[in-house]
Amino acid sequence: MGPQASQLDPALALGRCRLFHGMSADVRQRIAVHFEAVSFKTGQIIFKEGEVGDSLLIIGDGEVEVVKMVGQSPHVLSRLGPGEHVGEMALISNQRRSATVRVVRAFHGLVLRQSAFDALLDDEPRFAREMLRAISDRLRKTDETALEQMVTAHQALTFSLARLADSRDPETGGHLFRVREYCTVLSGLLRGHPKFGPLISDEFVQNIYLVAPLHDIGKVAIPDGILLKPGKLTDAEFEIMSTHTTLGAHAVDTVLEFCDFEIFRMAKRVILCHHERYDGKGYPRGLQGDDIPLEARIMTLADIYDALLSERVYKPAFSYEQAKTEIATYAGTRFDPEIVAVMLDNIDCFETVHQKFKEDTPDSSTVD
Ligand SMILES: [Fe+2]
Ligand SMILES: [Fe+2]
(Lines give C-alpha, C1' and ligand atoms only; values in the text may rest on other atoms or scores of the structure.)
(Ligands and ions follow the chains in the order given, each with its own letter.)
Protein backbone atom coordinates (compact mmCIF):
# COMPACT_ATOMS: atom_id res chain seq x y z
CA MET A 1 0.00 0.00 0.00
CA GLY A 2 1.44 3.36 -0.89
CA PRO A 3 0.58 6.82 0.34
CA GLN A 4 -2.56 8.63 -0.75
CA ALA A 5 -2.74 12.24 -1.80
CA SER A 6 -3.64 14.52 1.09
CA GLN A 7 -5.52 17.80 1.36
CA LEU A 8 -3.11 18.99 4.06
CA ASP A 9 -1.94 22.56 3.52
CA PRO A 10 1.90 22.30 3.35
CA ALA A 11 2.60 25.86 4.52
CA LEU A 12 0.32 25.38 7.51
CA ALA A 13 1.85 22.01 8.42
CA LEU A 14 5.38 23.47 8.18
CA GLY A 15 4.37 26.18 10.64
CA ARG A 16 3.71 23.50 13.26
CA CYS A 17 7.09 21.82 12.84
CA ARG A 18 10.07 22.97 14.86
CA LEU A 19 12.40 22.73 11.88
CA PHE A 20 10.65 25.74 10.39
CA HIS A 21 10.14 27.85 13.48
CA GLY A 22 11.47 31.34 13.16
CA MET A 23 10.77 31.42 9.42
CA SER A 24 8.31 33.99 8.18
CA ALA A 25 5.03 32.85 6.64
CA ASP A 26 6.36 34.10 3.30
CA VAL A 27 9.44 31.90 3.48
CA ARG A 28 7.35 28.88 4.54
CA GLN A 29 5.02 29.53 1.64
CA ARG A 30 8.00 29.71 -0.72
CA ILE A 31 9.61 26.48 0.44
CA ALA A 32 6.30 24.60 0.73
CA VAL A 33 6.56 23.76 -2.97
CA HIS A 34 9.37 21.33 -2.14
CA PHE A 35 7.03 19.22 -0.01
CA GLU A 36 4.48 16.69 -1.08
CA ALA A 37 1.36 16.14 1.03
CA VAL A 38 0.68 12.46 1.77
CA SER A 39 -1.70 10.37 3.86
CA PHE A 40 -1.38 6.86 5.25
CA LYS A 41 -3.93 4.68 7.01
CA THR A 42 -3.49 3.16 10.45
CA GLY A 43 -1.22 0.12 10.26
CA GLN A 44 0.58 1.17 7.08
CA ILE A 45 4.38 1.19 7.01
CA ILE A 46 5.86 4.50 5.88
CA PHE A 47 9.57 3.66 6.18
CA LYS A 48 10.97 0.19 6.47
CA GLU A 49 14.12 -0.70 8.41
CA GLY A 50 16.94 -1.56 5.99
CA GLU A 51 15.55 0.43 3.06
CA VAL A 52 17.54 3.24 1.51
CA GLY A 53 16.46 6.49 3.15
CA ASP A 54 15.53 8.99 0.48
CA SER A 55 12.97 11.18 2.22
CA LEU A 56 12.14 13.10 5.37
CA LEU A 57 8.68 12.99 6.86
CA ILE A 58 6.87 15.75 8.70
CA ILE A 59 3.82 14.77 10.70
CA GLY A 60 0.82 17.05 10.24
CA ASP A 61 -1.87 14.93 11.86
CA GLY A 62 -1.97 11.45 13.37
CA GLU A 63 0.69 9.40 15.06
CA VAL A 64 3.47 7.01 14.07
CA GLU A 65 5.68 4.65 16.01
CA VAL A 66 9.34 4.03 15.33
CA VAL A 67 10.12 0.34 15.65
CA LYS A 68 13.49 -1.38 15.58
CA MET A 69 14.12 -5.09 15.40
CA VAL A 70 16.45 -6.30 18.16
CA GLY A 71 17.24 -9.92 17.40
CA GLN A 72 13.86 -11.38 16.49
CA SER A 73 11.81 -8.95 18.56
CA PRO A 74 10.42 -5.57 17.55
CA HIS A 75 11.09 -2.74 20.02
CA VAL A 76 9.16 0.52 19.91
CA LEU A 77 11.79 3.26 20.21
CA SER A 78 9.39 6.20 20.21
CA ARG A 79 5.99 7.54 19.20
CA LEU A 80 5.79 10.73 17.23
CA GLY A 81 2.88 13.07 16.69
CA PRO A 82 1.92 16.37 15.01
CA GLY A 83 4.77 18.82 14.49
CA GLU A 84 7.44 16.13 14.76
CA HIS A 85 9.60 14.73 11.96
CA VAL A 86 11.41 11.52 11.19
CA GLY A 87 13.79 10.14 8.60
CA GLU A 88 16.41 12.89 8.49
CA MET A 89 19.27 10.69 9.74
CA ALA A 90 19.17 8.27 6.81
CA LEU A 91 18.63 11.14 4.41
CA ILE A 92 21.72 13.02 5.53
CA SER A 93 24.02 10.03 5.91
CA ASN A 94 22.83 8.26 2.77
CA GLN A 95 22.45 5.16 4.83
CA ARG A 96 19.68 2.61 5.15
CA ARG A 97 16.79 3.20 7.53
CA SER A 98 17.75 2.14 11.04
CA ALA A 99 14.11 1.58 12.04
CA THR A 100 10.62 1.11 10.66
CA VAL A 101 8.01 3.87 10.88
CA ARG A 102 4.46 2.57 11.20
CA VAL A 103 1.22 4.53 11.40
CA VAL A 104 -0.71 4.04 14.64
CA ARG A 105 -3.25 6.81 14.02
CA ALA A 106 -4.35 7.94 10.53
CA PHE A 107 -1.49 10.00 9.18
CA HIS A 108 -1.47 13.20 7.15
CA GLY A 109 1.88 14.77 6.58
CA LEU A 110 4.54 16.04 4.24
CA VAL A 111 7.35 14.28 2.49
CA LEU A 112 10.59 15.97 1.46
CA ARG A 113 12.59 14.03 -1.11
CA GLN A 114 16.39 13.92 -1.33
CA SER A 115 16.85 16.45 -4.16
CA ALA A 116 14.45 18.95 -2.59
CA PHE A 117 16.13 18.43 0.75
CA ASP A 118 19.56 19.21 -0.74
CA ALA A 119 18.17 22.32 -2.41
CA LEU A 120 16.63 23.53 0.85
CA LEU A 121 19.89 23.02 2.75
CA ASP A 122 21.68 25.10 0.11
CA ASP A 123 19.09 27.88 -0.06
CA GLU A 124 17.89 28.25 3.52
CA PRO A 125 20.64 28.55 6.17
CA ARG A 126 17.95 28.68 8.88
CA PHE A 127 16.65 25.28 7.77
CA ALA A 128 20.21 23.87 7.77
CA ARG A 129 20.76 25.20 11.29
CA GLU A 130 17.49 23.78 12.61
CA MET A 131 18.29 20.46 10.95
CA LEU A 132 21.66 20.32 12.74
CA ARG A 133 19.96 21.13 16.02
CA ALA A 134 17.35 18.41 15.44
CA ILE A 135 20.02 15.84 14.70
CA SER A 136 22.04 16.77 17.75
CA ASP A 137 18.86 16.51 19.92
CA ARG A 138 18.09 13.14 18.40
CA LEU A 139 21.60 11.83 19.09
CA ARG A 140 21.56 13.11 22.66
CA LYS A 141 18.19 11.49 23.29
CA THR A 142 19.40 8.21 21.80
CA ASP A 143 22.47 8.36 24.06
CA GLU A 144 20.38 9.07 27.14
CA THR A 145 17.92 6.29 26.33
CA ALA A 146 20.72 3.79 25.75
CA LEU A 147 22.40 4.78 29.01
CA GLU A 148 19.13 4.57 30.92
CA GLN A 149 18.42 1.12 29.52
CA MET A 150 21.93 -0.03 30.33
CA VAL A 151 21.71 1.21 33.92
CA THR A 152 18.28 -0.38 34.43
CA ALA A 153 19.48 -3.71 33.01
CA HIS A 154 22.60 -3.49 35.14
CA GLN A 155 20.57 -2.83 38.31
CA ALA A 156 18.19 -5.69 37.59
CA LEU A 157 21.04 -8.06 36.86
CA THR A 158 22.99 -7.08 39.98
CA PHE A 159 19.98 -7.49 42.22
CA SER A 160 18.92 -10.81 40.73
CA LEU A 161 22.47 -12.07 41.27
CA ALA A 162 22.25 -11.07 44.93
CA ARG A 163 18.86 -12.77 45.20
CA LEU A 164 20.27 -15.90 43.65
CA ALA A 165 23.00 -16.06 46.31
CA ASP A 166 20.49 -15.27 49.04
CA SER A 167 18.08 -17.96 47.85
CA ARG A 168 20.36 -20.71 49.20
CA ASP A 169 20.17 -19.29 52.70
CA PRO A 170 17.33 -16.80 52.65
CA GLU A 171 17.77 -14.19 55.34
CA THR A 172 14.64 -12.60 56.75
CA GLY A 173 12.34 -11.45 53.91
CA GLY A 174 13.32 -8.05 52.64
CA HIS A 175 16.86 -8.05 54.10
CA LEU A 176 18.48 -7.11 50.78
CA PHE A 177 15.95 -4.34 50.19
CA ARG A 178 16.49 -2.95 53.67
CA VAL A 179 20.29 -3.04 53.72
CA ARG A 180 20.55 -1.14 50.47
CA GLU A 181 18.19 1.48 51.86
CA TYR A 182 20.06 1.74 55.20
CA CYS A 183 23.36 2.11 53.33
CA THR A 184 21.93 4.82 51.08
CA VAL A 185 20.34 6.73 53.96
CA LEU A 186 23.49 6.48 56.07
CA SER A 187 25.75 7.56 53.20
CA GLY A 188 23.45 10.52 52.56
CA LEU A 189 23.60 11.54 56.24
CA LEU A 190 27.39 11.19 56.32
CA ARG A 191 27.68 13.72 53.52
CA GLY A 192 27.00 16.38 56.13
CA HIS A 193 29.82 15.11 58.36
CA PRO A 194 33.11 17.07 58.31
CA LYS A 195 35.27 13.94 58.08
CA PHE A 196 33.14 11.75 55.81
CA GLY A 197 31.40 14.40 53.69
CA PRO A 198 34.35 15.00 51.32
CA LEU A 199 34.66 11.25 50.73
CA ILE A 200 31.06 10.72 49.65
CA SER A 201 30.05 11.79 46.15
CA ASP A 202 26.72 11.34 44.35
CA GLU A 203 28.31 8.37 42.62
CA PHE A 204 29.23 6.83 45.99
CA VAL A 205 25.61 7.03 47.16
CA GLN A 206 24.26 5.62 43.90
CA ASN A 207 26.80 2.82 43.86
CA ILE A 208 26.35 1.70 47.44
CA TYR A 209 22.63 1.30 46.79
CA LEU A 210 23.44 -1.09 43.95
CA VAL A 211 26.25 -3.07 45.54
CA ALA A 212 24.98 -3.45 49.12
CA PRO A 213 22.71 -6.43 48.23
CA LEU A 214 25.78 -8.25 46.91
CA HIS A 215 27.60 -8.33 50.28
CA ASP A 216 27.05 -12.08 50.87
CA ILE A 217 27.29 -13.23 47.27
CA GLY A 218 30.27 -15.43 48.16
CA LYS A 219 27.91 -17.67 50.15
CA VAL A 220 27.03 -19.44 46.90
CA ALA A 221 30.33 -21.27 47.29
CA ILE A 222 29.78 -22.39 50.92
CA PRO A 223 28.68 -26.04 51.32
CA ASP A 224 25.09 -26.61 52.48
CA GLY A 225 26.24 -28.51 55.59
CA ILE A 226 27.84 -25.32 56.89
CA LEU A 227 25.64 -22.66 55.32
CA LEU A 228 22.39 -24.23 56.53
CA LYS A 229 23.65 -25.65 59.86
CA PRO A 230 21.13 -24.64 62.52
CA GLY A 231 23.53 -24.78 65.48
CA LYS A 232 26.80 -23.05 66.25
CA LEU A 233 29.62 -23.58 63.78
CA THR A 234 32.82 -25.31 64.87
CA ASP A 235 36.05 -23.37 64.46
CA ALA A 236 36.83 -25.30 61.28
CA GLU A 237 33.36 -24.64 59.89
CA PHE A 238 33.58 -20.97 60.79
CA GLU A 239 36.87 -20.82 58.95
CA ILE A 240 35.15 -22.10 55.81
CA MET A 241 32.13 -19.85 56.30
CA SER A 242 34.36 -16.79 56.58
CA THR A 243 35.74 -17.45 53.09
CA HIS A 244 32.46 -16.11 51.65
CA THR A 245 34.17 -12.72 51.79
CA THR A 246 37.26 -13.68 49.80
CA LEU A 247 35.36 -15.99 47.42
CA GLY A 248 32.82 -13.24 46.67
CA ALA A 249 35.59 -10.69 46.12
CA HIS A 250 37.35 -13.13 43.82
CA ALA A 251 34.18 -13.46 41.72
CA VAL A 252 34.13 -9.67 41.29
CA ASP A 253 37.77 -9.78 40.17
CA THR A 254 36.59 -11.64 37.10
CA VAL A 255 34.13 -8.82 36.36
CA LEU A 256 36.87 -6.22 36.95
CA GLU A 257 39.05 -7.86 34.33
CA PHE A 258 36.44 -6.89 31.74
CA CYS A 259 34.98 -3.72 33.27
CA ASP A 260 37.24 -1.83 35.63
CA PHE A 261 34.43 0.47 36.82
CA GLU A 262 34.24 2.18 40.20
CA ILE A 263 30.95 0.43 40.98
CA PHE A 264 32.63 -2.99 40.75
CA ARG A 265 35.65 -1.80 42.71
CA MET A 266 33.24 -0.68 45.43
CA ALA A 267 31.39 -4.01 45.23
CA LYS A 268 34.67 -5.80 45.84
CA ARG A 269 35.52 -3.65 48.86
CA VAL A 270 32.06 -4.18 50.38
CA ILE A 271 32.06 -7.95 49.80
CA LEU A 272 35.61 -8.43 51.03
CA CYS A 273 35.45 -6.18 54.08
CA HIS A 274 31.89 -6.33 55.44
CA HIS A 275 33.01 -8.59 58.32
CA GLU A 276 36.00 -6.50 59.32
CA ARG A 277 35.70 -4.85 62.73
CA TYR A 278 36.79 -1.36 63.70
CA ASP A 279 38.99 -2.81 66.49
CA GLY A 280 40.81 -5.09 64.06
CA LYS A 281 39.26 -8.33 65.33
CA GLY A 282 37.22 -9.04 62.22
CA TYR A 283 37.98 -11.07 59.11
CA PRO A 284 39.35 -11.87 56.57
CA ARG A 285 42.29 -9.52 56.99
CA GLY A 286 41.85 -8.05 60.48
CA LEU A 287 41.86 -4.50 59.11
CA GLN A 288 41.48 -1.77 61.70
CA GLY A 289 39.81 1.67 61.89
CA ASP A 290 40.04 3.82 58.77
CA ASP A 291 41.95 1.06 56.96
CA ILE A 292 38.56 -0.58 56.49
CA PRO A 293 36.99 0.97 53.38
CA LEU A 294 34.28 3.47 54.30
CA GLU A 295 31.58 1.69 52.27
CA ALA A 296 32.35 -1.54 54.15
CA ARG A 297 32.10 0.23 57.54
CA ILE A 298 28.68 1.52 56.46
CA MET A 299 27.66 -1.91 55.16
CA THR A 300 28.64 -3.69 58.40
CA LEU A 301 26.48 -1.36 60.42
CA ALA A 302 23.50 -1.73 58.06
CA ASP A 303 23.84 -5.52 57.93
CA ILE A 304 24.07 -6.01 61.69
CA TYR A 305 21.35 -3.46 62.47
CA ASP A 306 18.99 -5.41 60.22
CA ALA A 307 20.05 -8.75 61.73
CA LEU A 308 19.33 -7.38 65.23
CA LEU A 309 15.80 -6.40 64.21
CA SER A 310 15.19 -9.81 62.62
CA GLU A 311 14.33 -13.09 64.22
CA ARG A 312 17.00 -15.77 64.04
CA VAL A 313 16.98 -19.42 65.19
CA TYR A 314 19.19 -18.38 68.10
CA LYS A 315 17.39 -15.13 69.07
CA PRO A 316 14.09 -13.30 68.84
CA ALA A 317 13.80 -10.05 66.89
CA PHE A 318 15.04 -7.09 68.94
CA SER A 319 12.87 -4.05 69.56
CA TYR A 320 14.02 -0.73 68.06
CA GLU A 321 15.19 0.35 71.50
CA GLN A 322 17.19 -2.85 72.07
CA ALA A 323 18.77 -2.64 68.62
CA LYS A 324 19.75 0.98 69.25
CA THR A 325 21.38 0.07 72.58
CA GLU A 326 23.23 -2.84 70.98
CA ILE A 327 24.59 -0.66 68.19
CA ALA A 328 25.77 1.93 70.73
CA THR A 329 27.45 -0.82 72.78
CA TYR A 330 29.60 -1.86 69.82
CA ALA A 331 30.69 1.65 68.82
CA GLY A 332 34.48 1.57 68.64
CA THR A 333 34.74 -2.24 68.74
CA ARG A 334 32.67 -3.67 65.89
CA PHE A 335 31.69 -0.33 64.37
CA ASP A 336 33.23 3.01 63.49
CA PRO A 337 32.10 5.17 66.44
CA GLU A 338 31.72 8.33 64.34
CA ILE A 339 29.40 6.56 61.90
CA VAL A 340 27.45 5.06 64.80
CA ALA A 341 26.97 8.56 66.26
CA VAL A 342 25.45 9.81 62.99
CA MET A 343 23.21 6.77 62.75
CA LEU A 344 21.96 7.05 66.33
CA ASP A 345 21.29 10.77 65.94
CA ASN A 346 19.01 9.89 63.03
CA ILE A 347 17.76 6.49 64.12
CA ASP A 348 14.16 7.31 63.20
CA CYS A 349 15.19 7.31 59.51
CA PHE A 350 16.39 3.71 59.85
CA GLU A 351 13.30 2.65 61.77
CA THR A 352 11.17 4.14 58.99
CA VAL A 353 13.07 2.07 56.40
CA HIS A 354 12.61 -1.03 58.52
CA GLN A 355 8.88 -0.40 58.77
CA LYS A 356 8.55 0.30 55.08
CA PHE A 357 10.35 -2.84 53.92
CA LYS A 358 9.42 -4.98 56.90
CA GLU A 359 8.37 -8.24 55.28
CA ASP A 360 6.44 -7.83 52.09
CA THR A 361 8.74 -6.20 49.67
CA PRO A 362 7.63 -5.81 46.05
CA ASP A 363 8.90 -9.23 45.06
CA SER A 364 9.70 -11.03 48.31
CA SER A 365 7.01 -13.57 47.46
CA THR A 366 9.25 -14.89 44.72
CA VAL A 367 11.98 -15.97 47.15
CA ASP A 368 12.02 -19.74 47.23
FE1 LIG B 1 28.57 -11.85 55.25
FE1 LIG C 1 23.39 -9.64 55.26
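The values are calculated or read from the model by the stated rules, or taken from the named source; none is laboratory data. Treat the numbers as computed from the prediction; the structure is a model and nothing was measured. All Cβ positions, glycine included, derive from the backbone under ideal geometry; neighbour counts span all protein chains shown.
Quick test for you: out of Gly71, Gly43, Gly60, pick the one residue that is modelled with pLDDT of 85 or more, at positive phi and not hydroxyl-bearing (Ser, Thr, Tyr).
Exactly one residue qualifies, and that residue is Gly43.
Any residue in the stretch 302-324 that's at positive phi and of a type outside the set (Val, Ile, Thr): show its pairings with residues that are within 14 Å of ligand 1 (Cβ to nearest atom) and at pLDDT 90 or above at Cβ separation under 6 Å, as long as the two are six or more apart or on different chains.
From residues that are at positive phi and of a type outside the set (Val, Ile, Thr), there are no pairs.
Under 9 Å by Cβ, and 6 or more places apart or on different chains, what pairs join a residue from the stretch 133-158 that is within 22 Å of Leu19 (Cα to Cα) with one that is of a type in the set (Val, Ile, Thr) and part of a helix (DSSP H, G or I)?
Listed pairs, sorted by first residue: Ile135/Ile92.
Limited to the stretch 262-289, what total is found for residues that are away from ligand 1 (no atom under 14 Å from the Cβ), in a loop (DSSP other than H, G, I, E, B) and not aliphatic (A, V, I, L, M)?
The qualifying residues number 7.
Do we have Arg312 as assigned by TED's automatic domain parsing to the domain that holds Phe357, within 14 Å of ligand 2 (Cβ to nearest atom) and basic (Lys, Arg) here?
Spelling it out, Arg312 is indeed assigned by TED's automatic domain parsing to the domain that holds Phe357, within 14 Å of ligand 2 (Cβ to nearest atom) and basic (Lys, Arg).
What helices (runs of 4 or more DSSP H) lie completely within the stretch 141-251 and have 3 or more residues being within 13 Å of ligand 2 (Cβ to nearest atom)?
Where helices (runs of 4 or more DSSP H) fall fully within the stretch 141-251 and carry at least 3 residues being within 13 Å of ligand 2 (Cβ to nearest atom), they are 175-190.
Residues checked against (1) surrounded by fewer than 16 Cβ atoms within 10 Å (Cβ to Cβ); (2) assigned by TED's automatic domain parsing to the domain that holds Asp9; (3) touching a Lys or Arg at 6+ places or on another chain (Cβ under 9 Å):
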| site | (1), (2), (3) |
| --- | --- |
| Gly87 | no, yes, yes |
| Asn94 | yes, yes, no |
| Val111 | no, yes, no |
| Pro125 | yes, yes, no |
| Tyr182 | no, no, no |
| Val185 | no, no, no |
| Leu190 | no, no, no |
| His193 | yes, no, no |
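Assuming Leu210 fulfils every condition listed in (1) within 19 Å of the chain's Cα centre (by Cα); (2) within 12 Å of ligand 1 (Cβ to nearest atom) apart from one, which condition is it?
All conditions pass for Leu210, except number (2).
Yes or no: Asp202 among the acidic types (Asp, Glu) and either under 21 Å from the mean Cα position of the chain (by Cα) or surrounded by fewer than 21 Cβ atoms within 10 Å (Cβ to Cβ) (or both)?
It is true that Asp202 is among the acidic types (Asp, Glu) and either under 21 Å from the mean Cα position of the chain (by Cα) or surrounded by fewer than 21 Cβ atoms within 10 Å (Cβ to Cβ) (or both).
Is it fair to say Lys358 is out of contact with any strand residue (DSSP E or B) (no Cβ under 8 Å at 6 or more places or on another chain), away from ligand 1 (no atom under 15 Å from the Cβ) and in contact (Cβ under 8 Å) with a residue 40 or more places away in the chain?
yes
Taking Ala153 as meeting all but one of (1) surrounded by 12 or more Cβ atoms within 10 Å (Cβ to Cβ); (2) of a type in the set (A, V, I, L, M); (3) farther than 30 Å from Ala11 by Cα, write down the number of the exception.
(1)
Residues being within 20 Å of Glu181 (Cβ to Cβ) and within 16 Å of ligand 2 (Cβ to nearest atom): count how many of those fall in the stretch 270-308.
17
For the stretch 290-306, what are the residues that are more than 15 Å from ligand 1 (Cβ to nearest atom) and β-branched (Val, Ile, Thr)?
None - no residue of the stretch 290-306 is more than 15 Å from ligand 1 (Cβ to nearest atom) and β-branched (Val, Ile, Thr), so the list stays empty.
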